[in-house]
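Visitor: Sharing a structure with you now.
The values are calculated or read from the model by the stated rules, or taken from the named source; none is laboratory data. This structure is a prediction, so every number in the text was calculated from the model and none was measured. Note that each Cβ is placed from the backbone with ideal geometry, even for glycine, and that neighbours are counted across all protein chains shown. Side chains are part of the model used for accessible areas, which takes the heavy atoms of the whole protein and leaves out ligands, DNA and RNA. Shrake-Rupley method; radii C 1.70, N 1.55, O 1.52, S 1.80 Å.
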Amino acid sequence: MRKVSQFTADDHNVVTSAVSEAEKETNGEIVTIVTEQSDHYGDVAWAISGLVALTALLVISLFPEIYLNILDWMSGGWSGMTALPYWMLFAFAALKFFGTRLILIWKPLLFLLIPPPIKNARVRKRAVSLFTVSTDHRTVGRTGILLYLSMREHRAEIVADDAIVEKVEPAVWGDAMVALIDLVRSGRPGEGMAEAVKQMGVVLSEHFPKTDNNPNELPDRLIEL
């Protein structure tokens, strides 16, 4: 995955400070990760290309006379064809397939065509994978929580450790997510993550207030992937 370019040094400082401040009031351990995109979606691009090629063949089968007239016009009326040969159909489908795949190398178009449920699933899968590596089972009280932002998909996820899941309903994180997405949309991603962390800290402090014997077990800094 490409490294994000929207986050400045100031953004890093703002997010890191927000994590440090939030953890002063709770035993919860907040990890923040941001990435440019959560998946390359190569399989989706190939699937779209195949769909375009099959659609083109369907159109030819339904309206063959249109294409026969075009060939007749191109040959000056001497084509003499009454049906399209198989090799021509294959060539046409291959042109559509590989032409579409080539066009979809342009990421803005590809991401415009990816269905939202696929984006949601890929971002969630990536967030859970990173949580498993960076946060899961890495705190004594099982109080780790990950705030994950995927910039190109315009999506974020919060993944929490077992102790937090047992006490906090997923809907409780809604305000933090809304604050994050709103500020990212306005071009202030660092402030968005910091505000989300602040609100997460408030929730965590209610259920897991700070105790004297709780060390800082996970990094406070914003991690870019």
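Visitor: State all residues of the stretch 120-171 that are closer than 17 Å to GLU36 by Cα, free of Cβ contacts under 8 Å to residues at least 60 places away in the same chain and part of a loop (DSSP other than H, G, I, E, B); if no residue qualifies, say none.
Guide: Across the stretch 120-171, the qualifying residue is only HIS154.
Visitor: Can you name the number of the only condition in (1) surrounded by 14 or more Cβ atoms within 10 Å (Cβ to Cβ); (2) modelled with pLDDT of 90 or more; (3) part of a helix (DSSP H, G or I) that ASP39 fails?
Guide: Condition not satisfied by ASP39: (3).
Visitor: Then there's this: List the pairs whose first member sits in the stretch 6-23 and is small (Gly, Ala, Ser), whose second member is open to solvent by 50 Å² or more (accessible area, probe 1.4 Å), and whose Cβ atoms are under 6 Å apart, counting only residues at least 6 apart or on separate chains?
Guide: Filtered contacts from the stretch 6-23: ALA18/LYS198.
Visitor: Moving on. For residues that are assigned to a helix (DSSP H, G or I), crowded, with 16+ Cβ neighbours inside 10 Å and acidic (Asp, Glu), tally how many sit in the stretch 187-225.
Guide: 2
Visitor: If you check LEU130, LEU95, which single one turns out to be touching a Ser or Thr at 6+ places or on another chain (Cβ under 9 Å) and either open to solvent by 70 Å² or more (accessible area, probe 1.4 Å) or modelled with pLDDT under 95 (or both)? Step through it out loud before you land on a result.
Guide: Numbers: LEU95 fails: touching a Ser or Thr at 6+ places or on another chain (Cβ under 9 Å).
Only one candidate passes the filter, namely LEU130.
Visitor: Moving on to the next point. Report every pair of residues separated by at least 6 positions or lying on different chains whose Cβ atoms are under 6 Å apart, first residue within the stretch 197-209 and more than 17 Å from THR16 (Cβ to Cβ), second basic (Lys, Arg).
Guide: Close Cβ pairs (under 6 Å, with a partner that is basic (Lys, Arg)) amount to HIS207/LYS167.
Visitor: Can you name the condition, by its number, that LEU146 falls short on among (1) more than 17 Å from the chain's Cα centre (by Cα); (2) within 28 Å of PRO115 (Cα to Cα); (3) at pLDDT 90 or above?
Guide: LEU146 satisfies all of (1) more than 17 Å from the chain's Cα centre (by Cα); (2) within 28 Å of PRO115 (Cα to Cα); (3) at pLDDT 90 or above except (1).
Visitor: For the stretch 137-163, what are the residues that are in contact with an Asp or Glu (Cβ under 7 Å, 6 or more places away or on another chain) and open to solvent by less than 40 Å² (accessible area, probe 1.4 Å)?
Guide: If the condition is that a residue be in contact with an Asp or Glu (Cβ under 7 Å, 6 or more places away or on another chain) and open to solvent by less than 40 Å² (accessible area, probe 1.4 Å), then THR139, THR143, GLY144, ILE145, TYR148, MET151, ASP161 are the ones that fit.
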